[in-house]
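*Asks:* I have a structure I would like to understand better, so I am pasting it below and will then ask my questions one at a time.
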Amino acid sequence: MLMVFSSPPFYPTTVELPLENSRVIQYIKDNPKFFPFFKDALGAIDGTHFPATVSAKDRQRARDRKGLVTQNCLAACAFDLKFVYIFSGWEGSTSDSTMYNDSRIQDLAIPPGRYYLADAGFPTCEGLLVPFRGIRYHLAEWGRASLRYVLFKFAVFPILS
């Protein structure tokens, strides 16, 4: 998978980092639930695992949290479902935050004032908007707790630095 994602023809034709003056997509701009809050969001970023074949001496490092031998790949996707960044080659045991930190050092540029949406496996920093710890976000969790989901119009999502 490393060779597929990081070499022609896939990478140069499919992957393109967004610029600082990238426009907000129409879906977010037209939706009052999203526009004032996500106008500076570039997309979403997450890690995903691919099955891997590694040598016996490297097999333990390549095991993910489920015990499978995998390769971890960090991918960022814009809201129009196009890849804007791919960072592959890490062992399955590597966390998303470690891969994110290394990608920022290598070549992932996030324009000032812009950010990606990420899950709780990522660090709280200026370039990412991650959920608050201890807050229920998944609908299944709300259902199990017999609670109703309420969206407040005045909710503000701060970017912590």
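The values are calculated or read from the model by the stated rules, or taken from the named source; none is laboratory data. Note that the coordinates shown come from a computational prediction; the quantities given were computed from them, not determined experimentally. Every residue, glycine as well, gets a Cβ built from its backbone with ideal geometry; the counts of neighbours run over all protein chains shown. Side chains included, ligands, DNA and RNA excluded: accessible areas come from the protein's heavy atoms. Shrake-Rupley method; radii C 1.70, N 1.55, O 1.52, S 1.80 Å.
*Asks:* If we keep just the residues of region 111-127 that are in contact (Cβ under 8 Å) with a residue 60 or more places away in the chain and in a loop (DSSP other than H, G, I, E, B), which is surrounded by the fewest Cβ atoms within 10 Å (Cβ to Cβ)? If you could, list the steps in order and put the result at the bottom.
*Replies:* If we filter region 111-127 for residues that are in contact (Cβ under 8 Å) with a residue 60 or more places away in the chain, which is where we start, we get 111-119, 121-122.
With the extra rule that they be in a loop (DSSP other than H, G, I, E, B), the set shrinks to 111-114, 118-119, 121-122.
Working: PRO111: 15, PRO112: 7, GLY113: 10, ARG114: 19, ALA118: 23, ASP119: 14, GLY121: 14, PHE122: 24.
My answer is PRO112.
*Asks:* Follow-up. Only one residue in TYR85, TYR100 is at pLDDT 90 or above and in contact with a strand residue (DSSP E or B) (Cβ under 9 Å, 6 or more places away or on another chain), so which one is that? Can you show your working first?
*Replies:* On the way: TYR85 fails: at pLDDT 90 or above.
From the options TYR85, TYR100, the qualifying one is TYR100.
*Asks:* Only one of PRO123, PRO112, PRO158 is at pLDDT below 65 and not small (Gly, Ala, Ser). Can you tell me which?
*Replies:* Selected residue: PRO158, the only one of PRO123, PRO112, PRO158 that is at pLDDT below 65 and not small (Gly, Ala, Ser).
*Asks:* Now a separate question. If we scan region 111-130, do we find a residue that is polar (S, T, N, Q), touching a strand residue (DSSP E or B) at 6+ places or on another chain (Cβ under 9 Å) and farther than 13 Å from ASP46 by Cα?
*Replies:* no
*Asks:* So which residues in region 89-110 are open to solvent by less than 50 Å² (accessible area, probe 1.4 Å), more than 16 Å from ALA44 (Cβ to Cβ) and not polar (S, T, N, Q)?
*Replies:* GLY89, GLY92, ASP102
*Asks:* Output yes when any residue across region 25-39 is polar (S, T, N, Q) and open to solvent by 60 Å² or more (accessible area, probe 1.4 Å), and no when none is. Let's see the steps before the verdict.
*Replies:* Taking region 25-39 as the starting set, the residues that turn out to be polar (S, T, N, Q) are 26, 31.
Remaining after also requiring open to solvent by 60 Å² or more (accessible area, probe 1.4 Å): 26.
Yes, that holds for at least one residue.
*Asks:* Hey, among the residues in region 42-59 that are outside any loop (DSSP other than H, G, I, E, B) and of a type outside the set (A, V, I, L, M), which one's farthest from CYS77 (Cα to Cα)? Quick ask: steps written out before the conclusion?
*Replies:* First, the residues of region 42-59 that are outside any loop (DSSP other than H, G, I, E, B): 42-51.
Of the ones still in play, those that are also of a type outside the set (A, V, I, L, M) are 43, 46-51.
On the way: GLY43: 6, ASP46: 9, GLY47: 11, THR48: 13, HIS49: 16, PHE50: 17, PRO51: 21 Å.
Taking the candidates together, the pick is PRO51.
*Asks:* Can you confirm whether LEU17 is at pLDDT 85 or above and within 30 Å of GLY92 (Cα to Cα)?
*Replies:* Here the answer is no, as LEU17 does not meet what is asked.
*Asks:* Which count do you get for residues in region 64-88 that are in contact (Cβ under 8 Å) with a residue 24 or more places away in the chain and either touching a Pro at 6+ places or on another chain (Cβ under 8 Å) or open to solvent by less than 40 Å² (accessible area, probe 1.4 Å) (or both)?
*Replies:* 14
*Asks:* Out of all the residues in region 128-141, is one or more at pLDDT below 85, assigned to a helix (DSSP H, G or I) and in contact with a Gly (Cβ under 6 Å, 6 or more places away or on another chain)?
*Replies:* no
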